[in-house]
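Coordinate-derived values only; no laboratory data. The model shown is predicted, which means the values in this text are computed figures rather than measured ones. All Cβ positions, glycine included, derive from the backbone under ideal geometry; neighbour counts span all protein chains shown.
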Amino acid sequence: MEQVALSDDLKISRIVHGMWRLTEWGFKDADTLNFVEQCLDLGIDTFDHADIYGDYMVEEHFGKALSQNKFLNDKIKIVTKCGIKMLSGNRPEHYIKHYDTSYSHIMWSAENSLKMLKRDSLDVLLIHRPDPYNDPYEIARAFNQLREEGKVKEFGVSNYLPGQFNALQAYLDFPLVTNQVEISVAALQEWDNGTIDLCQELGMSPMAWSPLAGGAIFNAQTHRYITLKNVIHQVSDNLGVSIDQVMYAWLLSHPANIIPIVGSGKIERVKTAVEARKVEMTRQQWFQIWVASRGQNVP
Amino acid sequence: MEQVALSDDLKISRIVHGMWRLTEWGFKDADTLNFVEQCLDLGIDTFDHADIYGDYMVEEHFGKALSQNKFLNDKIKIVTKCGIKMLSGNRPEHYIKHYDTSYSHIMWSAENSLKMLKRDSLDVLLIHRPDPYNDPYEIARAFNQLREEGKVKEFGVSNYLPGQFNALQAYLDFPLVTNQVEISVAALQEWDNGTIDLCQELGMSPMAWSPLAGGAIFNAQTHRYITLKNVIHQVSDNLGVSIDQVMYAWLLSHPANIIPIVGSGKIERVKTAVEARKVEMTRQQWFQIWVASRGQNVP
Amino acid sequence: MEQVALSDDLKISRIVHGMWRLTEWGFKDADTLNFVEQCLDLGIDTFDHADIYGDYMVEEHFGKALSQNKFLNDKIKIVTKCGIKMLSGNRPEHYIKHYDTSYSHIMWSAENSLKMLKRDSLDVLLIHRPDPYNDPYEIARAFNQLREEGKVKEFGVSNYLPGQFNALQAYLDFPLVTNQVEISVAALQEWDNGTIDLCQELGMSPMAWSPLAGGAIFNAQTHRYITLKNVIHQVSDNLGVSIDQVMYAWLLSHPANIIPIVGSGKIERVKTAVEARKVEMTRQQWFQIWVASRGQNVP
C-alpha cells in the first residue's frame, strides 16, 4: 500500500487501523497477533490507540499480544492519545469526566502508554480533545521533552479547531503532523469550521475517525440519511462496489489526503476498505454524495 | 473616474460593470458596443464576466461585439470566473451542478473564455465558488501556468471564506487580488465571517456583487426590509439623492475600498451608480442603515 | 500583589479595578481618593475607564479627585477606551449610538481623556468595540502618533474577534497588549470564538469584564443558572471560600493569565477578589463549573 509522509522521518500507510474496540472483540493474544499480521499483509502498518480506549485497557491488551512477536512488533507504527480523564473503575480518582493537558499528565500518560504497549517509543502522540483549560506552553514543554528523550517521534492533535491548532503550533519548533477529526459522508463539519482548509494550507494529512459514519447510513432512519443512503446505493451500483467502499472512496479520493481509520475487527471488512483505494470516483459522483448529505444543491 | 490598484501592474475603475444578464437585454452587437462605450465615457473600464453567465453564452456575445471595435476593446479590462459546472443544454455532460477546480478544467476554461471573448489575455480570473473538493496545489499550478503564458494577468476568488482564501494563497508566490462577495445594505455577512477584516488586513479590495440587494429593498415585504427601506428613504431625503445612490454610497464610502459591480443594462442606472461616488454620507447615516439592517442597536 | 507584564515597558497588577460605575457610588473626592488608596494597599495599581462611563463623566470625576494627591496619582496606572459615541445629553450631536474610530476622533478622545483625568499620559488605550466602519490604517496612524507624542504608552482593543484583531495588528509595528472581553463562569463565548486561543498564541493577557457575570448567578432564575449556582456552591463549600471567590478563582487559575476587572465600589468586595488569588482550585473543580455552565459533559 502507498504510504503518506507525516514528516520527513515518518511515513505511515494510507489507511490506518483503529484499535478503539479491541477489547470488545473477544480476541486472545494469538487472535490479536493474527489480526495485526493480516493487516500488515494488506499493507496497513499503523495502529491507532488512545489511553482511554476500552476503559483504559486496549493499549495493555495490544501490548501484551504484540510483545510476543518482536518481528511483527518492529514492523508496526503506533498512534496514541492522551488528555482525557474519563470516569472509570480503573481511574477511581476521577469524579467528573475532564481533560488534563498539564505537563505532568502528558509525561505520565505517554510513559504509561509505552509501558502498556511494551514499546520503547510511540510514533505519534495526539492530544485527544481541545482542553479549555490548556496551557499550550505546558503541552509544548512535554512534547519537546518526550521528543528529546526519543519516547515519541511526532505529535499531533485530535478534534482541534484551527484557532486551537495555531495556538499550540506557535509554541513548537517542529510541525504538528496531523489533526484526527470526524470526517465521513455524514460528517461535513470539518469543511465548515476551516479544518480541511488549514490542513491543505499546511500540507498536513488529517486522519478521519468514524469514516463510515458509525453505521448511521447502514441503518438510515432520518430523511437526510435515507436520501444519502439512496444516493450512495446509486453510486455503488454505478461503480460496481459496495456501499462502504463508496464511503471510503469518498474520503480517499479527496485531495486533502485524508487517512481513514478503519475500526473493524473483521479482516474482511478491513480488506474492503483497503480495496476502496482503487475505486475511481468521478467528481460528479463525489458531488452527488456531498449534495445529498448537505440536503441542498451547491450554490 | 478614480482607479483602484488591484496589483502593481493592474488598475481598474472604482466601479465595475457586471455583464451577468447581458443576454437578457436583447442587445445586438451594435447595442453592446454602444453600451460599453457609454460605460467608458462614464469612467468604467472593467467588465465582470463568468464562463457560466447567460447559460454559458455571455462571454461569446460580448466577445463577438467587442471584437468589432479594436480601439474600444483595447481600452477595457476583463474579469471572468471559472469553476462552476452548471446544468445546461450547452453542457450536456453535467448531470448535477458541481464545481471543478482541477488543473485541467481551469486551463480549459480560461482558454475557452479567451476564445469566447476573442482576447489575448484576461485581466483577472476568479475561482467562482469555494470548492469542497479543491486541491489548492492544482489551482496554483494552473494559475502559475496561465500567468507565465501571459494568458491571465491577475487572479482572485469569489465567495471564499478567510480559511479558504488563506489555503489557496499559501500555494501562490503572488497575491490574490480580490475576493468577489455579496455585500449590500441587506447583506452584512461578510462583516461576520471575517472577510472584510481579512481584506483590510491584506489591503485588498473586495468586489461586491448584488450591491443593490437584488432589488429586495425596492420591493420590501418583510418587516426588516420595510424598516431598512424607510431608513434609506430618510437618508436619501437628507442627502438629496436617490435611494439606489444611498445604497451605492453606503458601499463606496466604506474604508475597505469596496468595488461595486453594477449589473444594469440601462446606462442611466449605471450613471446613477457612478454619481454615487460623490455622495458624502456621514458616519451616523452609515450607522443608521447598519442598525436598521441588523435590526438592533450597536452594543 | 504579583504583576502581569503587558509589554516590556508596562506591568500592571494581576487584578484591575473598573471605575465603570464610579458616578453611581455617591463618592466625594475624598471618598474616591480613599478608595483608590485602599485599592493600592491591596496591590491593585491599575484602574479601568472609558470615555463613555457614567454618561461621559467618570473620567472627569476620577481625575478631579486624583489630581488632589500627586503622590497617589503617580502610583496608579490608567486604562481607558474610545470609539463609542453614545446618545447622551453630554453629546447632543449624536442622534444614533454609533462608533467612531477615525484618526481625528481617536486623537480628540485620547486628548480629552487626558484632560478629564488630569494626566500627562495614559498607560493603555483601547478601541472599545469593533467598528464595522473602521479603517485599521487610520487607527494605526492615531496610535502611532499618540505613542510618539508620549500621550499613550500601550494600545489594545475590547470585544474584538480574532479576525478583527489581526486586521488592526497588521497595521502596527508594536503589539497590541490586550483584548478586554466578557469572560465569566456564565460567559464562555471567548473559548468558542477563538479569542482565548489567539491570546494564548500571542502570549497576551486578556482582561475580563463582568467577571461575576453581572450578578446573574447570585440571582439565578433560569435552569442553567440555578444548576451553575448549585455547582459553584458545592465548590465553594469544598474550598471553604465564598461563591464570588470561586468565580474569581475560576478565572485567575486559568493558564491564559486572565485579568479580572473588579467593578465594586465596596472595598470589602474588592478584597474578596484579591484574596481569590490564593484559592487553589483543582482541575476537576474547574471542569465541574465548565460542565455546569455548558449544560453538558465534555465530549
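Miscellaneous remarks
- Pairing each residue of region A:270-299 that is under 19 Å from residue B:130 (Cβ atoms) and within 11 Å of chain B (Cβ to nearest Cβ) with any residue that is of a type in the set (D, E, K, R) and part of a helix (DSSP H, G or I), provided the two are 6+ apart or on different chains, yields C-beta distances under 8 Å for A:293/A:224.
- The number of residues in region C:189-207 being farther than 21 Å from residue A:138 by Cβ and not in a loop (DSSP other than H, G, I, E, B) comes to 3.
- Residue that is farthest from residue C:262 (Cα to Cα) [pool: residues in region C:32-72 that are without any contact (Cβ under 8 Å) to a residue 12 or more places away in the chain and charged (D, E, K, R)]: C:70
- Note on region B:186-210: among residues that are in contact (Cβ under 8 Å) with a residue 60 or more places away in the chain and more than 12 Å from chain C (Cβ to nearest Cβ), the one that is farthest from residue B:259 (Cα to Cα) is B:186.
- Region B:37-58, residues that are touching a Phe, Trp or Tyr at 6+ places or on another chain (Cβ under 9 Å) and within 16 Å of residue B:106 (Cα to Cα): B:49, B:50
- For region C:129-178, filtered to residues that are basic (Lys, Arg) and surrounded by fewer than 19 Cβ atoms within 10 Å (Cβ to Cβ), the residue that is nearest to residue B:258 (Cα to Cα) is C:141.
- Being on the phi > 0 side of the Ramachandran plot and crowded, with 16+ Cβ neighbours inside 10 Å holds for only one residue in A:220, A:213, A:273, A:249, and it is A:213.
- Tally, over region C:128-155, of residues that are within 12 Å of chain B (Cβ to nearest Cβ), within 13 Å of residue C:171 (Cα to Cα) and aromatic (Phe, Trp, Tyr): 1
- If you go through region A:247-277 and keep only what is in a helix (DSSP H, G or I), out of contact with any helix residue (DSSP H, G or I) (no Cβ under 8 Å at 6 or more places or on another chain) and farther than 23 Å from residue B:139 by Cβ, you end up with just A:268.
- Where residue A:296 falls short, out of the listed (1) crowded, with 22+ Cβ neighbours inside 10 Å; (2) over 29 Å from residue A:5 (Cβ atoms): (1)
- Residue C:126 vs. criteria surrounded by 22 or more Cβ atoms within 10 Å (Cβ to Cβ) and part of a strand (DSSP E or B): yes
- Here is the figure for region C:221-241: residues that are assigned to a loop (DSSP other than H, G, I, E, B) and closer than 17 Å to residue C:291 by Cα total 1.
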